[in-house]
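A short worksheet on the structure shown next.
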Amino acid sequence: MLASSQGDSSFHFYLIGRNVQHVQHLGSFFVDGVGDTDGVHYMPVPLGKEYPLGLLVVQNGDAPEPPHTGDVNGFEFDGSTQFLFINFEDALRTLGN
């Protein structure tokens, strides 16, 4: 399982056994330039050479507003729709540290 912590902008890997009582924290990591995050998603499908083990998408609440802040799909831009795409292999490397 992968979870984000908005409090310190970290991401955590957990291993959950068949018995939900057995949860093991495998490690945590930070993503440079990402803060105040309240969203993370992993797409476990190889997506070409850039994402051979899949794609990790994180929401970045601390990202600066882009130059164009008009409507997004009919909704007023509120600064919370900025995402960063990460090679999942890079995230897994942090577990060894």
Query raised in the report: So, of the residues in the stretch 1-14 that are in a strand (DSSP E or B) and in contact with a Phe, Trp or Tyr (Cβ under 6 Å, 6 or more places away or on another chain), which turns out to be surrounded by the most Cβ atoms within 10 Å (Cβ to Cβ)?
Result: F11
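Residues are listed down the side, and each one gets a yes or a no for (1) out of contact with any Cys (no Cβ under 7 Å at 6 or more places or on another chain); (2) farther than 19 Å from E89 by Cβ; (3) not hydrophobic (A, V, I, L, M, F, W, C):
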residue	(1), (2), (3)
M1	yes, no, no
D8	yes, yes, yes
F11	yes, no, no
L15	yes, no, no
R18	yes, yes, yes
G27	yes, no, yes
V31	yes, no, no
T37	yes, yes, yes
Report task. Would you mention how many residues in the stretch 51-88 are modelled with pLDDT of 70 or more, open to solvent by less than 60 Å² (accessible area, probe 1.4 Å) and of a type outside the set (F, W, Y)? Result -> 13
**Report entry** Positions within the stretch 15-53 being in a loop (DSSP other than H, G, I, E, B), within 12 Å of S5 (Cα to Cα) and small (G, A, S), in sequence order
**Finding:** G35, G39
**Report entry** Residues of the stretch 15-50 classified as over 16 Å from L84 (Cα atoms) and open to solvent by less than 50 Å² (accessible area, probe 1.4 Å), total
**Finding:** 2
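The values are calculated or read from the model by the stated rules, or taken from the named source; none is laboratory data. Quick caveat, the model's predicted, so the values are computed rather than measured. Don't worry about glycine lacking a Cβ; one is built from the backbone with ideal geometry, like all the others, and counts go over all protein chains shown. Heads up: the accessible areas ignore ligands, DNA and RNA and are worked out on the full protein's heavy atoms, side chains in. Shrake-Rupley method; radii C 1.70, N 1.55, O 1.52, S 1.80 Å.
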